[in-house]
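Written out below as structure tokens is the structure these notes cover.
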Amino acid sequence: MSEAVFPVPADVAARALVDDAKYQEMYNRSVTDPAGFWGEHGKRIDWIKPFTKVKNTSYDYHNVAIKWFEDGTLNVSANCVDRHVATRGDQAAIIWEGDDPSEHKVITYRELHVEVCKFANVLKEQGVKKGDRVTIYLPMIPEAAYAMLACARIGAVHSIVFAGFSPDSLAQRIEDCGSKIVLTADEGLRGGRKVPLKANVDRACEKAPVDSVVVVKRTGGDVKMVDGRDVWYHEATAKVPATCEPEEMNAEDPLFILYTSGSTGKPKGVLHTSGGYLVYASMTHQYVFDYQDGDIYWCTADVGWVTGHSYIVYGPLANGATTLMFEGVPTYPSASRCWDVVDKHKVNIFYTAPTAIRALMGAGTDFVTRTDRSSLRLLGSVGEPINPEAWTWYYNVVGEKRCPIVDTWWQTETGGILITPLPGATALKPGSATRPFFGVQPAIVDAEGNILDGATEGNLVITDSWPGQMRTVYGDHERFVQTYFATYKGYYFTGDGCRRDADGYYWITGRVDDVINVSGHRMGTAEVESALVSHPKVSEAAVVGYPHDLKGQGIYAYVTLMEGEEPTDALKKELVQHVRAEIGPIASPDLIQFAPGLPKTRSGKIMRRILRKIAEDSFDSLGDTSTLADPGVVDDLIDNRQNRA
Ligand code: WTA
């Protein structure tokens, strides 16, 4: 762990919204008088009918219920679009940068208003009504943002499925939320390669039929249109009016569902609602990035993940910001791409993931130093712990020691950033997400759930609610309660391990459950296992994470074959292909070890602790193996381990 401390630079402090004294004052008020604090800051967005109640939340295991601003009404799309048209109609709302560097587009708030209204009218024409679920399977094109805001406008609930997921994963998500419509594109374009999105939708719909599919023409690739079901977006929008009244929604009406992986079972539909989410997303966006009028802000995430929801679309647009949306990848056409885009659009704030930073660091410093980057003022990191080497490179080389780094810790479930530096207030320590945002009360507990004081290490919980918190698992409130409120009664359990140092700074150490974080993407080991055992030659599989230089964690699969099957390299390739087809390329196992047996307790439970150690190549500290049903399997696992130093 690094002991270096980077104080707030004087020029950053001079323009910042909040200095350290102000942070302390606001934070103390936010936790001693949450209703007063959020009652005031809840007014940062426009309400149709103002709320009179602020906070009504219970973490009681027998009655988990979370409501914020519950008697207020609003429309999220009106907040992100309409309210800016009069004051900043000609300002860029979205700067879209295509996969190919020759393509870009600027969409002003006035234009955004027209596009969102038209898309909303297309949805209505397709029969979508308030409360209906709409599945979005779009690449990083402006239509993805229009689609989200169009749903919000008419009170439909969007469920975005990352465009890298397979037809099977898409079908599962369409089915789970019962959506009757899918919005997609002919093909996606990433790093010069085409992704067959419409063809994937067609295959998904064989399993999960829908009434309509709206198709955006992106590449002009050849796709099959199904009569009576499929419509072209450009044809449909040409026929509809350019205005659409926003629907009046209750603060607690659902805004979106986003599926995320957990330790067990199939992905859960994390449900976020309207008022609290928008207040929290916009407030964190403004304070964490010290966003001020005129700033050009770029978050490199995909709208298929929560970071894209909160920090490409909802947070920035609610703040009337200029948000950059990038279709491509950081290494195409070269490893200078991010910095070329920064120079081209004079980006001031750049927010990305450690996995991208490590990949660019690996490509070499020249790709950075040959660019200008003088517009940059602030850097951000999200998705996984950032190792001090990557932090230092990001700080020294990319930011030329001028730009603070906000290392932001949060989750799909939290809706917005919970632990983070504020640029004008917080001295930085490489690798630490530092201190809680306003209203957030983190605590560290031991295995029994006792709160630990002072400098300590344990499991990270949050002791009280904040407005951006998820409200339930779609269609399964019991699963919500069991997943987050059953382990440590009375607290929200994050699933992360954490250390707190003597200065009260938080250091996230990674997941403590069976979730692995591959290139900043959450993957449930159970999901990969179930994909593997669905292959006819596989009898059993156990999946664990192991440290990976670029990805943070890699996927290590132990596979037991059916009687008589040959453990060949060709079969390994086949299994990787199989997992890609079942889930998507992000779930590809990095290493597969054929194992005649897995280490199990006498009651048949797989001892993952042992499998993790072997995958980490640190098998001399396996601990007690005497409780294993057959201790002999361990020697074979060690002899045939795939991750040798
Ligand atoms: C991890 C992404 C360390 C963590 C916004 C969390 C982080 C999971 C950080 C959520 C960070 C995210 N430092 N770890 N700054 N940010 N994580 O739901 O394990 O895709 O629980 O949300 O990513 O991943 P999710």
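The values are calculated or read from the model by the stated rules, or taken from the named source; none is laboratory data. Predicted model only: the values in this text are computed from it and were never measured. We place every Cβ from the backbone using ideal geometry, glycine too, and count neighbours over all the protein chains shown. Ligands, DNA and RNA are stripped out before the accessible areas are found, and what is left, the full protein with its side chains, is counted by its heavy atoms. Shrake-Rupley method; radii C 1.70, N 1.55, O 1.52, S 1.80 Å.
Structure values in brief
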read-out	value
Ranked order, His285, His234, His62 - accessible area, probe 1.4 Å, largest first	His62, His234, His285
Antiparallel DSSP beta bridges within segment 301-436, as percent of all bridges there, nearest 5	20
Anisotropy class of the chain from Cα gyration tensor, a/c 1.5 cut	rounded
Cross-link table Lys129/Lys180; Lys53/Lys489; Lys572/Lys605, entries beyond 21 Å C-alpha to C-alpha	Lys53/Lys489; Lys572/Lys605
Percent accessible area from carbon and sulfur atoms, segment 374-459, protein chains only, probe 1.4 Å	48
Mean accessible surface per residue for the chain, computed with a 1.4 Å probe while every protein chain stays in place, in Å²	37
Theoretical FRET efficiency, 1/(1+(r/R0)^6), r = Cβ-Cβ of Glu25 and Arg370, R0 45 Å, to 0.05	0.55
Flagged links, alpha-carbon separation over 24 Å, of Lys22/Lys346; Lys22/Lys344; Lys118/Lys344; Lys344/Lys401	Lys22/Lys346; Lys22/Lys344; Lys118/Lys344
Between segment 294-372 and segment 51-108, the alpha-carbon center distance in angstrom	21
Beta bridge orientation in the chain: antiparallel %, DSSP, nearest 5	60
Loop-exposed GluC sites (Glu not before Pro) per DSSP, neighbour cap 10 Cβ within 10 angstrom, longest uninterrupted part of the chain	4-447
Among beta bridges that DSSP assigns inside segment 524-610, antiparallel share in %, nearest 5	75
Theoretical ellipticity at 222 nm over the chain - DSSP helices of four or more residues, -39500 (n - 2.57) apiece, nearest 500	-8000 deg cm²/dmol
³J(HN,Hα) computed for each position of segment 222-237 - Karplus, 6.51 cos²θ - 1.76 cosθ + 1.60, integer Hz, glycine/proline x	6, 10, 8, 9, 8, 4, x, 10, 9, 10, 7, 4, 5, 6, 5, 6
Under the span-like rule (Cα at least 15 Å along the axis, Kyte-Doolittle mean at least 0.0), DSSP H helices of the chain	142-154, 275-288
Amide N of segment 167-200 lying under 20 Å from the label point, which is placed 7 angstrom from the Cα of Lys224 along Cα→Cβ	167-172, 181-188, 195-200
